[in-house]
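S.K.: The structure follows.
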Amino acid sequence: MSKVTTENMTEAATEIVADTATDTATDAVADTAADMATDTATQAAADDPIEVRRAKREALIAQGKNPYGHGFDFSHYIEELLTTYADLEEGASTTDAVCVAGRVMAKRDQGKIAFLVLRDASAELQLFCRINTLGDDAFAELKDLDVGDWIGAWGTMMRTRRGELSIAVEKFELLSKSLRPLPEKFHGLADKETRYRQRYVDLVMNPEVRDTFATRFKVISAIRRYMDDEGYYEVETPMLHAILGGANAKPFVTHHNALDRDFYLRIATELHLKRLLVGGFERVYEIGRQFRNEGMDHYHNPEFTTLEAYRAFSDEKGIAELTQGVIQAAALAARGSLQLEYQGQTIDLSGTWPRRTILELACEGSGADLSYDMERGEAAAVAKKCGVKVEKAWGVGKIICEIFEATTEASLIQPTFVTEHPVEVSPLAKKNSFNSHVTDRFELLICGHEYANGFSELNDPVDQAERFSAQVAAKATGDDEAMGYDDDYVRALEYGMPPAGGVGIGIDRLVMLLTGSESIRDVLLFPHMREEAR
């Protein structure tokens, strides 16, 4: 975003004061309606800027003026003017009429002239205001504006002799009176919780934060374009689920009064999307919020956004290609490159990403000869040496997954598809044709964190019913993240679902990667916070 500096304003002020020293206007501005309006303000507590601004608001209302205007029809965004008049010569003036609207970000007055910095959604531009042009009353009202006020302004384009592109203001209108001063030291604030809690101020004071969210919007748009170009329909599925399913996670529970029953905020969109494959849609996706009642850290927020996509007649390998294409398209839209830096690591998103099985990675990390046929006690002993606390409900497959996560996961920096997850931890994935212990499933790891989870979808209703039953049994033994038994989904499969591949991609984490953000809170406009202390 283009910025007008205070130094430029001061230089311009000095220059214009010299140019206007011989003006025939009176040396002192007489008392005006605006001066009278400020009399009330000066009676407020001088050390309380909010009360001063409230008094200004009341004074405007007393004069019959509305401090909160209606719609305003501006002619240009500031960025357009910066581009159009980029070659305007120093000291040149034009008769080109323009109208802009934005927030006052800085203000300096020099007697009969005043300079304001106006920021709109695109950039910043200097407003050059002269008493001779505006008249005494309007100029006094302009001087009474505060930083943070929203105004509209009409004028003509010019460039000062110091080279600052400006609008020579002919008239202005107050659109919204700011009652709370913008903080002077919000930028770089150590207490990030204040910035997260007051994101509206964070966006005003920190241009790089605005850039982060502009990038997020570009990423989501790029994903939609890519999916649409690949022939996928974007669909919407329910947020409230009667049965917990689609992932292993702790849910939020709410009560539906009209139906007098509890529902879960969805933890995934998977089961409803696959019902659409049964119904005959071959390619579907949804970008939406998921809710998981779990912990919060740099990579987890209880409310987060995913892309879930399903394609009939595909499989785990085909959906891995889709995943790579989506992420590469997002990277090009956000960064214009497939090479990027993230938290000191150089990441290369180009080429074909490697595939490694979870078993071989767990063996490498633990230094042990692991297998799915080994005794549970042997696997548990290896896990203990790796610092993993084994729970009673875990089988050998789950233990091997935990060993991988404890020993190897963090070392996978470049994009890697970790494949062949055990059946035990993959209740919705199709079994591998050559090894009944594992499924045709992948997780995409980048910088040691999961960015996507995909697999060949289980479409055997009998097998699915058995796995749901196993999940119910696991829940009975204390696994509060296990799924429920979804009779209707089994019934849907009994009507026949074609072979398919599906994937879920974490959009928040992807935006973190593409913006170099350290925390998921940095890429959520309004992250969840503890209750504010008062």
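S.K.: Using +1 at the Cβ of each Lys and Arg and -1 at the Cβ of each Asp and Glu in the range 389-534, identify which of Val423, Gly496, Ile446 lies farthest towards the dipole's positive end.
M.R.: Ile446
S.K.: Follow-up question, since we're still on this one. Please get the size of the charge dipole for the range 192-306, origin at its Cα centre, with Cβ charges of +1 on Lys and Arg and -1 on Asp and Glu, quoted in debye to the nearest 20.
M.R.: For the range 192-306, the charge dipole is close to 220 debye.
S.K.: For Tyr451, what is the net charge nearby, where nearby means another residue's Cβ is under 12 Å from its Cβ and Lys, Arg count +1, Asp, Glu -1?
M.R.: Taking every other residue near Tyr451 into account, the sum is -2.
S.K.: Residue-wise, which Karplus ³J(HN,Hα) couplings in Hz belong to the range 302-309, taking 6.51 cos²θ - 1.76 cosθ + 1.60, θ = phi - 60°, and x for glycine or proline?
M.R.: Residue by residue, the range 302-309 yields x, 10, 8, 10, 10, 9, 10, 9 Hz.
S.K.: Given +1 on the Cβ of Lys and Arg, -1 on the Cβ of Asp and Glu, and no further charges, what dipole in debye does the range 241-305 carry about its Cα centre, rounded to the nearest 20? Display every interim value, and only then the final one.
M.R.: Values: 8 positive and 8 negative charges, 33 e Å.
Computed about the Cα centre, the dipole is about 160 debye.
S.K.: Moving to a separate point now. Considering only DSSP states other than H, G, I, E and B, which trypsin sites (Lys or Arg not before Pro) in the range 308-398 qualify as loop sites with at most 12 other Cβ atoms within 10 Å?
M.R.: Here the trypsin sites (Lys or Arg not before Pro) that fit, given the DSSP loop and packing criteria, are Lys389, Lys392.
S.K.: Expressed as a whole percentage, what fraction of the accessible surface of the range 417-509 belongs to carbon and sulfur atoms when a 1.4 Å probe is rolled over the protein heavy atoms?
M.R.: Values: 1730 of 3430 Å².
Roughly 50 percent, rounded to a whole number.
S.K.: Measuring with a 1.4 Å probe in the full set of protein chains, what accessible area per residue, in whole Å², belongs to the chain?
M.R.: Numbers: 25810 Å² over 534 residues.
On a per-residue basis, 48 Å².
S.K.: Restricting to the chain, compute how many DSSP beta bridges are antiparallel as a %, nearest 5.
M.R.: 90
S.K.: Hey, what angle do you get for helix 270-279 against the long axis of the chain, alpha-carbon based, 0 to 90 degrees rounded to 10?
M.R.: Relative to the chain, helix 270-279 is tipped by roughly 70 degrees.
S.K.: Moving to a separate point now. Looking at the range 125-244, send over the antiparallel percent of its DSSP beta bridges, to the nearest 5.
M.R.: So the antiparallel bridges amount to about 75 percent of the total.
S.K.: Here's a follow-up. Cα to Cα, under 17 Å, and not fewer than 8 places away if on the same chain: which lysines meet these conditions relative to Lys274?
M.R.: Lys430
S.K.: Under a 5 Å amide H to amide H cut-off, with H placed in plane at 1.01 Å, what residues pair with Thr357 once short-range neighbours are removed?
M.R.: Answer set, sorted by chain and number: Thr419.
S.K.: If you don't mind, there's one more thing I want to ask. Could you work out the helix-only [θ] at 222 nm for the chain, with each DSSP H run of four or more residues adding -39,500 (n - 2.57) and the total divided by the number of residues, to the nearest 500 deg cm²/dmol?
M.R.: -10500 deg cm²/dmol
S.K.: Amide H neighbours of Thr439 under 5 Å, at least 5 residues apart or on other chains, H built in the peptide plane: list them.
M.R.: For Thr439, the qualifying residues are His421, Val423, Asn432.
S.K.: Enumerate the amide H contacts of Phe263 below 5 Å, restricted to partners 5 or more residues apart or on another chain; note that Pro and chain-start residues carry no placed amide H.
M.R.: Here Thr254, His255, His256 satisfy the definition.
S.K.: To continue, here is another question. Along the charge dipole of the chain, pointing to its positive end and built from +1/-1 on Cβ of Lys, Arg, Asp and Glu, which listed residue (Thr477, Leu276, Thr133) has its Cα farthest out?
M.R.: Thr477
S.K.: How many percent of the accessible area of the range 63-108 is carbon or sulfur, using a 1.4 Å probe?
M.R.: Ligands and nucleic acids excluded, carbon and sulfur reach 46 percent.
S.K.: Can you return the aspartates and glutamates within cross-link range of Lys317? Criterion is Cα-Cα under 13 Å, with same-chain partners fewer than 8 residues away left out.
M.R.: Answer for Lys317, where 13 Å is the Cα cut-off: Glu420, Asp440, Glu443, Glu457, listed by chain and number.
S.K.: What percentage of the solvent-accessible surface of the range 248-380, computed with a 1.4 Å probe over protein heavy atoms, is contributed by carbon and sulfur atoms?
M.R.: Carbon-and-sulfur percentage of accessible area, whole number: 47.
S.K.: Mind checking which of Thr357, Leu322, Thr83 is farthest towards the positive end of the chain's charge dipole, using Cβ charges of +1 (Lys, Arg) and -1 (Asp, Glu) about the Cα centre?
M.R.: Sorting the options by dipole projection puts first Thr357.
S.K.: Hey, what do the phi angles of the range 462-474 turn into as Karplus ³J(HN,Hα) couplings, whole Hz, using 6.51/-1.76/1.60 and θ = phi - 60°, x for Gly and Pro?
M.R.: Calculated HN-Hα couplings, in order: 5, 4, 4, 4, 5, 6, 4, 4, 5, 5, 4, 5, 5 Hz.
S.K.: What is the distance in Å between the Cα centres of the range 347-410 and the range 222-284?
M.R.: Rounded to whole Å, the Cα centres lie 31 Å apart.
S.K.: Sticking with this structure for a sec: Rounded to whole Hz and in sequence order, give me ³J(HN,Hα) for the range 166-178 from the Karplus expression 6.51 cos²θ - 1.76 cosθ + 1.60, θ = phi - 60°, writing x for Gly and Pro.
M.R.: My calculation for the range 166-178 gives 8, 10, 7, 6, 9, 7, 9, 9, 6, 9, 7, 7, 7 Hz in order.
S.K.: Are there chymotrypsin sites (Phe, Trp or Tyr not before Pro) in the range 449-534 that DSSP marks as loop and that have at most 11 other Cβ atoms within 10 Å, and which are they?
M.R.: Filter output for the range 449-534: Tyr495.
S.K.: Separate question: How many angstrom lie between the Cα centre of the range 100-131 and the Cα centre of the range 451-522?
M.R.: So the two Cα centres are separated by 54 Å.
S.K.: So, with +1 on the Cβ of K and R and -1 on the Cβ of D and E, and no other charges, what is the size of the charge dipole of the chain about its Cα centre, to the nearest 20 debye?
M.R.: Numbers: 58 positive and 88 negative charges, 115 e Å.
Dipole magnitude for the chain comes out near 560 debye.
S.K.: Given a Förster distance of 41 angstrom, what is the FRET efficiency for Trp154 paired with Leu525, based on the Cβ-Cβ distance and rounded to 0.05?
M.R.: In this case the efficiency is close to 0.80.
S.K.: Sticking with this structure for a sec: Excluding residues fewer than 8 places away in the same chain, name every one of the lysines whose C-alpha is closer than 22 Å to that of Lys384.
M.R.: Within the straight-line limit of under 22 Å, Lys384 reaches these lysines: Lys392, Lys398.
S.K.: Scan the range 202-257 for GluC sites (Glu not before Pro) in coil per DSSP, keeping those whose Cβ has at most 10 other Cβ atoms within 10 Å, and list them by number.
M.R.: Glu236
The values are calculated or read from the model by the stated rules, or taken from the named source; none is laboratory data. Source: prediction; values computed, not measured. Glycine also receives a Cβ, built like all others from the backbone with ideal geometry; neighbour counts cover every protein chain displayed. Ligands, DNA and RNA are stripped out before the accessible areas are found, and what is left, the full protein with its side chains, is counted by its heavy atoms. Shrake-Rupley method; radii C 1.70, N 1.55, O 1.52, S 1.80 Å.
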